[in-house]
Structure formats: structure tokens, C-alpha cells
Amino acid sequence: MAESFDVSMDLMEGFQFRVDLGVEGGDPIVMDEPPPLGGGGGPNAARLLAAAVGNCLSSSALFCMRKARVEVIGMRTEVQARTSRTDTGRIRIHRIEVSLHPEVSEADRDRINRCLDLFEDFCMVTESVRAGVEVVVDVEPVVAADALASS
């Protein structure tokens, strides 16, 4: 059962993009690069990748615990993305550390162990990142309408 989804983005100014995540009824978000490149008017792609990994793991763990009838009172997830430079000097995310802190009753504390053995495997984003997602890039320049009018 292969599925797909679409995300689109439009340049606003500088390095700011309005991003439509394709969620019906959902508001677009603004992404921006931090200074000095951009103005820091929103998260950049690296932060959203870290958030996506953390959110996917959180949701997967929560689903498993609820299915095991563990009452999850609350949950805090902390994600730390670590960057370094490659041999050619390019900055890359080389490690993402995720800490999940589900709040459960003392009686449920031991019942989550099976979930702890399973939940990571069901996280689509984390396992895709770990495996190295194939990325295909196509660039198709579009001639601006103003450039046509002035010719």
C-alpha cells in the first residue's frame, strides 16, 4: 500500500518560504534560515527534521502504550540535533538524540517495557532517515511574467 503526499512552498522574501503542508484545514507555516543567511523568522529545514523525528517517535510510543492500555498522563520529548562538517567543509546533521519522557502511573510503569522494544520500528520518519531516504531533484526554471513583458 504505497501512498504519497504533497508539500508545496512559495518564496516570500529573503530566505523565507510559506509552506503548505497539504493538510486540509491546516495553516501554512513559515520557514526561514537563521541569521546571517536569513532573518530567523521561522524554523529551518534542520529544525523541522529534528522535530519530525521526535514527533514520529513520540506518536509511535504513545500509540503502543495506549494500545497496551497504559494511561499516558502526559509526555515531553526533547530532541537534540548535532551537526558537524564533512571532509569538504559542508555542515551536516550527523546525529539526532531523542529523549521521551512519558508520564505514567506507578502501576503502568512496568507495563510499557514491551512498547519500548517495539515502537521505534513503527516510526516511519526515523526509520526512513536511518535507512537513508532516496532524494530525487529536478530543477525546471520558469520565466517570470515581468521578464516576458519587458522583451
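Quick notes
- Any hit, the stretch 87-109, residues being in contact (Cβ under 8 Å) with a residue 40 or more places away in the chain, more than 23 Å from ALA46 (Cα to Cα), of a type outside the set (D, E, K, R) and assigned to a helix (DSSP H, G or I): no
- All conditions but one from (1) out of contact with any Leu (no Cβ under 9 Å at 6 or more places or on another chain); (2) within 13 Å of PHE17 (Cα to Cα) apply to ALA51; the one that does not is (2).
- Residues of the stretch 84-137 satisfying the condition of being closer than 26 Å to ARG66 by Cα and under 15 Å from the mean Cα position of the chain (by Cα): ILE96, GLU97, VAL98, CYS123, MET124, VAL125, THR126, GLU127, SER128, VAL129, ARG130
- PRO141 in the same structural domain as ARG18 (by TED's automatic domain parsing) and exposed (fewer than 10 other Cβ atoms within 10 Å of the Cβ): no
- Test: VAL79 is part of a strand (DSSP E or B), on the phi < 0 side of the Ramachandran plot and not assigned by TED's automatic domain parsing to the domain that holds THR126: no
- Cross-chain or 6+ apart pairs with Cβ under 6 Å, the stretch 56-75 first and surrounded by 14 or more Cβ atoms within 10 Å (Cβ to Cβ), then part of a loop (DSSP other than H, G, I, E, B): CYS56/CYS123; LEU57/CYS123; SER60/CYS123
- Selection within the stretch 43-70 - closer than 26 Å to GLY132 by Cα and in a loop (DSSP other than H, G, I, E, B): PRO43, ASN44
- Of the criteria (1) assigned by TED's automatic domain parsing to the domain that holds GLU127; (2) surrounded by fewer than 17 Cβ atoms within 10 Å (Cβ to Cβ), which one ASP27 fails: (1)
- Flag if ARG130 is loosely packed, with under 13 Cβ neighbours inside 10 Å and not in a helix (DSSP H, G or I): no
- ILE73 fulfils the conditions (1) in contact with a strand residue (DSSP E or B) (Cβ under 6 Å, 6 or more places away or on another chain); (2) not assigned by TED's automatic domain parsing to the domain that holds LEU118 except for a single criterion, (2).
The values are calculated or read from the model by the stated rules, or taken from the named source; none is laboratory data. If you're wondering where the values come from, they're calculated on a predicted model, not measured in any experiment. Don't worry about glycine lacking a Cβ; one is built from the backbone with ideal geometry, like all the others, and counts go over all protein chains shown.
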